[in-house]
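Encoded as structure tokens, the structure appears first; notes follow it.
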Amino acid sequence: MKKTIVFAAAALACTAALADEVRNYRAEAVAMLKRDFKAKGIAGTDRLHEDSVQAICNRSGDNPPKDVAARLEQDQLEAIKYPADGKLMGDWKEGEKIAQSGRGMTWSDKAGIPGGGNCYNCHQIAPSETSFGTIGTSLYQFGKTRGNGPDIQKYVYGKIWNAKAFNLCSAMPRFGHVGALTEKQIKDLVALLLDPQSPVNSK
Amino acid sequence: MKQRTSTLLAVAALTAAFAAHAQQPAKKTAPPAKAAAPAKSAITEEFEKFREVLEEDNPAELFEAKGEDIWKNRKGPDGGSMAQCDLGLGAGVVKGAYVQMPRWFADAGQVMDAERRVVHCMMKYLGYKEADIRKQPFSNVNKTPDHVSVITYVAAQSRNMKIAAPQKHPKEKEAYNVGKEIFAFRGGPYDFSCATCHGADGMRIRTQDLPNLRKPDQAIRAYQGWPGYRMTGGFMLTQQWRMNDCFRQQRFPEPSYLSDSVTALLAYMTVTANGQVYKGPGIKR
């Protein structure tokens, strides 16, 4: 009799421990966010619904299985819209202005106003700007070492349009994919990085 | 009093000077030969210098005094007072309470952070209306709401004490674990989570150093200095305000004031900073 009670108690303890372990705090967190967050300005609650990339990165600690990542990167790559006129390089001077601006997409930003690229928040770019972040790699002299041929132009345009097409859980936003930057703005940023006249590539 | 006034005048002058400075575009220096990573910007250094001076005689003390007055003397419509308010250490006990929240409060059936608890008590005992508090939860140039002053008072009563947010009650553990997930949740048009900027060592946005809030020695930086006196406006801002502004910059929709999500996030960050010393209300630009 005594033994049975001991076993029962042990079994109960095990169940309790197990229940604690398998609890899905992530799902609870997502449900809580959806309950607590309200639309404000241009920032609707639809922003809390994960798309395929966010869903995979969030569930794998930004480290998805390689084959899954490769397939999703391919999907993102195929969705990149390259300019119909085939020209990928715009005006680097305009690109510099876009790179400087950190505006866009917050609930205090107005709809319809072209946002900024937020580039200097995370990257070193032109040498004249010493206030730059370090979350991204340095882009100083980017074109100097890589030239400005069609392949690199296509890569840079694609990377800014959708960084996740090249690295699924990259910290970089998908500026073209989500409509945060226009085609023209991205062309100007490509020029900032690749135009030989751009200060990025000065000696 | 005279000394107080002159200090405040000096503060006002400094604040004005700083505000003027902050509005100037950053001065362009000559391009460095190799564009090496710069140290702190001149503005940051300048600011930090007079932050030290200001913290010795922080204008936050005015709000602290106002909060103390409300805590000790204000009576509710039914004769209630904040002496009945239990911040976790017993009715009316303020000393050390701030650094021991978020915690589970059985009377409310919720885990509450300090701000949530203070507002809860002000509604329960002093008759403040939830609708009024929600109308202006945060301070602006025109008004620092009463609850912000009370939070400042409560926070000051934990000055130089070790952060010790409890993790005994299952709901406190739940808040920590859910908060940890909220911290990692990527969403919105930019795919940002808290961790995008605060999940690794040694990162910067522009010249602003970013603490890695997953590490105890750096998590203190999300806690230290709050509530803070904003020099470029002359009002107090709380940790709840800071979380709100983080979500804005994360391009998320807005968290409801005093919601479970923000409490959970604060529980995660505070527990991570447990054992570090809180220096009391601070100064923010």
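In table form, for the structure just shown:
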{"quantity": "Restricting the range A:106-121 to residues that are out of contact with any strand residue (DSSP E or B) (no Cβ under 6 Å at 6 or more places or on another chain) and facing chain B (nearest Cβ under 7 Å), the residue that is surrounded by the fewest Cβ atoms within 10 Å (Cβ to Cβ)", "calculated": "A:SER108"}
{"quantity": "Selection count where residues are facing chain A (nearest Cβ under 7 Å) and either at positive phi or within 17 Å of the chain's Cα centre (by Cα) (or both), scope the range B:243-259", "calculated": "6"}
{"quantity": "A:PHE132 being more than 27 Å from B:PRO255 (Cα to Cα), in contact (Cβ under 8 Å) with a residue 12 or more places away in the chain and more than 8 Å from every other protein chain (Cβ to nearest Cβ)", "calculated": "no"}
{"quantity": "Filtered residue count, the range A:29-54, keeping only those that are out of contact with any strand residue (DSSP E or B) (no Cβ under 7 Å at 6 or more places or on another chain), touching a residue at least 60 places away in the same chain (Cβ under 8 Å) and over 29 Å from A:GLU73 (Cβ atoms)", "calculated": "1"}
{"quantity": "In the range A:28-79, residue farthest from the chain's Cα centre (by Cα) [restricted to those that are of a type in the set (S, T, N, Q) and surrounded by 15 or more Cβ atoms within 10 Å (Cβ to Cβ)]", "calculated": "A:THR45"}
{"quantity": "Residue list for the range A:139-154, restricted to those being more than 11 Å from every other protein chain (Cβ to nearest Cβ) and either within 18 Å of A:ALA99 (Cβ to Cβ) or of a type outside the set (Ser, Thr, Tyr) (or both)", "calculated": "A:PHE142, A:GLY143, A:LYS144, A:ARG146, A:GLY147, A:ASN148, A:GLY149, A:PRO150, A:ASP151, A:ILE152, A:GLN153, A:LYS154"}
{"quantity": "Residue match in the range B:197-210 (condition: more than 14 Å from chain A (Cβ to nearest Cβ) and aliphatic (A, V, I, L, M))", "calculated": "no"}
{"quantity": "Condition broken by B:GLY234, with the remaining ones in (1) away from every other protein chain (no Cβ under 11 Å); (2) modelled with pLDDT of 95 or more; (3) at positive phi satisfied", "calculated": "(2)"}
{"quantity": "Residue ID - farthest from B:GLN167 (Cα to Cα), chosen from residues in the range B:92-115 that are among the charged types (D, E, K, R) and crowded, with 23+ Cβ neighbours inside 10 Å", "calculated": "B:GLU115"}
{"quantity": "Residue list for the range B:212-256, restricted to those being crowded, with 20+ Cβ neighbours inside 10 Å and part of a loop (DSSP other than H, G, I, E, B)", "calculated": "B:LEU213, B:TYR223, B:MET231, B:THR238, B:GLN250, B:ARG251, B:PHE252, B:PRO253"}
{"quantity": "Some residue of the range B:55-70 being among the basic types (Lys, Arg), at pLDDT 95 or above and either more than 22 Å from the chain's Cα centre (by Cα) or not in a loop (DSSP other than H, G, I, E, B) (or both)", "calculated": "yes"}
{"quantity": "Residue check, B:ALA83 surrounded by fewer than 17 Cβ atoms within 10 Å (Cβ to Cβ), touching a Gly at 6+ places or on another chain (Cβ under 7 Å) and assigned to a helix (DSSP H, G or I)", "calculated": "yes"}
{"quantity": "Within the range A:126-138, considering residues that are closer than 16 Å to A:LYS97 by Cα and not small (Gly, Ala, Ser), the one surrounded by the fewest Cβ atoms within 10 Å (Cβ to Cβ)", "calculated": "A:PRO127"}
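The values are calculated or read from the model by the stated rules, or taken from the named source; none is laboratory data. Treat the numbers as computed from the prediction; the structure is a model and nothing was measured. Positions of Cβ are generated from backbone atoms using ideal geometry, with glycine treated the same way; all protein chains shown enter the neighbour counts.
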